[in-house]
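Structure first, commentary second.
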Amino acid sequence: MKQRPERSFISAQQVADLAGVSRSAVSRTFTEGASVSDATRKRVLQAAEKLGYHVNHLARGLMNDRSNIVCIVTADIDAPYHGQFIEALTRQLQAVGKVAMIVNASGGSGIESAMRLTLQYRADASIVLSGQPDRQIIENCISNGQSVIVVNRDETVAGTKNINVSNRASAREAFHMLHRVGCTNLAVVTSTVGTPSLLARERAFVEEAQRAGLDVPVVRIGSTSYESGAAAARQLFCRTSRPDGAFCVTDLLACGFMDVAREEFDISIPQELCVVGFDNIMQSGWAAYDLTTFRQPIEDIAAYMVSLVDGDTGDVGEQPKRFLTEPVWRKSVRPK
């Protein structure tokens with residue numbers, strides 16, 4: 001059988017030998033701000049291009065006790081909102097020379113296993129988008145010199161940097177969006193996942209409705225998916241008293257909910273049913289949905305996370321940094 005050739009990277013020493021310079025001259029050439037003559041720099045760059053040499057930033061970082069790796073710990077990677085957020089965050093991290101590593105927290109031991117991986121790869125920072133890591137493993141990460149940034153989590157662990165979105169305020173506004181246009185038979189559509197952000201939206205909407213004297217049923221089904229939104233619609237519209245307004249705690253739930261309401265129950269949106277979502281995913285703007293929703297400031301949140309990783313914000317303390325959402329009015333809610 002044909003043997004596979006051994007793979008090896010071009011070394012800095014090979015570049016030095018071809019350029020006729022020392023190994024340290026190659027290192028200085030590829031170190032920003034280091035002193036090296038123009039003639040030497042030119043010879044090194046020509047040799048590097050000829051050999052196809054690339055600097056091993058990982059090895060260089062580890063020599064300085066910095067890996068430049070930032071782990072993004074998340075589940076539901078295939079969900080549209082997560083995709084949008086990860087795109088913005090990885091783009092901004094790479095722009096400042098950081099290596100973004102996605103760690104999937106779905107299945108198995110989930111978040112605990114994911115956080116252990118961040119330690120094994122000596123990540124400089126971990127950004128936890130999904131799950132509530134155990135206090136002990138967070139403390140272990142911090143004691144190993146890792147920055148831990150936690151998003152939309154109830155429990156605050158000393159040393160973490162916390163970011164929240166205005167989930168409760170947005171849910172209260174969602175109630176008034178529907179109530180102002182005459183919707184009185186309302187419902188909340190959510191999942192059984194029970195993350196702090198989803199629970200905050202659900203509870204705030206129900207509390208605001210109760211203050212207005214309205215009882216609101218909450219339908220919790222499965223994962224936070226299109227299919228769960230569709231199943232919720234089937235459950236609600238098989239009842240004698242059908243809702244005339246619904247708050248879906250994510251846009252993806254809302255898309256499934258709206259499709260079933262129209263296609264299987266012949267309900268007109270927004271004439272007979274008004275729907276409000278949350279996240280402003282790309283699909284919410286499609287003509288098929290035209291969904292009124294709430295936009296999270298993804299680029300601003302990502303930029304703030306990058307500043308935390310870079311240490312540009314000073315001592316931010318343990319109080320969460322709060323970002324406000326913005327209502328996006330479309331045609332799933334009728335005019336007042």
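Note on the range 119-148: residues that are more than 18 Å from the chain's Cα centre (by Cα), buried (at least 19 other Cβ atoms within 10 Å of the Cβ) and polar (S, T, N, Q) total 1. Among the residues of the range 198-212, just one is modelled with pLDDT under 95 and surrounded by fewer than 20 Cβ atoms within 10 Å (Cβ to Cβ), namely L199. Would you confirm whether or not the range 310-320 contains a residue that is more than 17 Å from L186 (Cα to Cα) and part of a helix (DSSP H, G or I)? Scanning the range 310-320 turns up at least one residue that is more than 17 Å from L186 (Cα to Cα) and part of a helix (DSSP H, G or I).
Taken as a whole, the condition of being under 23 Å from D244 (Cα atoms), in the same structural domain as L178 (by TED's automatic domain parsing), surrounded by fewer than 20 Cβ atoms within 10 Å (Cβ to Cβ) and at pLDDT 95 or above does not apply to G277. In this entry, S126 is excluded by the filter for residues that are under 24 Å from M258 (Cβ atoms) and at pLDDT below 95. Looking only at residues in the range 167-197 that are of a type outside the set (S, T, N, Q) and assigned to a strand (DSSP E or B), the one that is farthest from the chain's Cα centre (by Cα) is L186.
Every test in (1) assigned by TED's automatic domain parsing to the domain that holds G194; (2) out of contact with any Cys (no Cβ under 6 Å at 6 or more places or on another chain); (3) farther than 30 Å from G97 by Cβ is passed by K336 save one, and that test is (1). Only one of the numbered conditions (1) closer than 21 Å to T160 by Cβ; (2) charged (D, E, K, R); (3) in a helix (DSSP H, G or I) is not met by E87, and that is (1). So which residues in the range 1-55 are part of a loop (DSSP other than H, G, I, E, B), hydroxyl-bearing (S, T, Y) and at pLDDT 80 or above, if there are any at all? The answer is S22, S35, S37.
The rows are residues; the columns are (1) without any contact (Cβ under 8 Å) to a residue 12 or more places away in the chain; (2) assigned by TED's automatic domain parsing to the domain that holds E173; (3) not aromatic (F, W, Y).
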| position | (1), (2), (3) |
| --- | --- |
| A231 | no, yes, yes |
| T240 | yes, yes, yes |
| F247 | no, yes, no |
| D259 | no, yes, yes |
| R262 | yes, yes, yes |
| D266 | yes, yes, yes |
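Step by step: first the residues of the range 245-268, then only those that are crowded, with 19+ Cβ neighbours inside 10 Å and assigned to a loop (DSSP other than H, G, I, E, B), then the one that is farthest from the chain's Cα centre (by Cα). Which residue is that? Only one residue fits best here, namely V249. Just need a number here: residues in the range 124-138 that are among the hydrophobic types (A, V, I, L, M, F, W, C), part of a loop (DSSP other than H, G, I, E, B) and in contact (Cβ under 8 Å) with a residue 60 or more places away in the chain. Adding up the residues that qualify gives 0. Among the residues of the range 139-166, those that are without any contact (Cβ under 8 Å) to a residue 60 or more places away in the chain, touching a Ser or Thr at 6+ places or on another chain (Cβ under 8 Å) and either part of a helix (DSSP H, G or I) or among the small types (G, A, S) (or both) comprise C141, I142.
The values are calculated or read from the model by the stated rules, or taken from the named source; none is laboratory data. The structure displayed is predicted, hence computed values, not measured ones. Cβ atoms come from the backbone with ideal geometry, glycine included; neighbour counts cover every protein chain shown.
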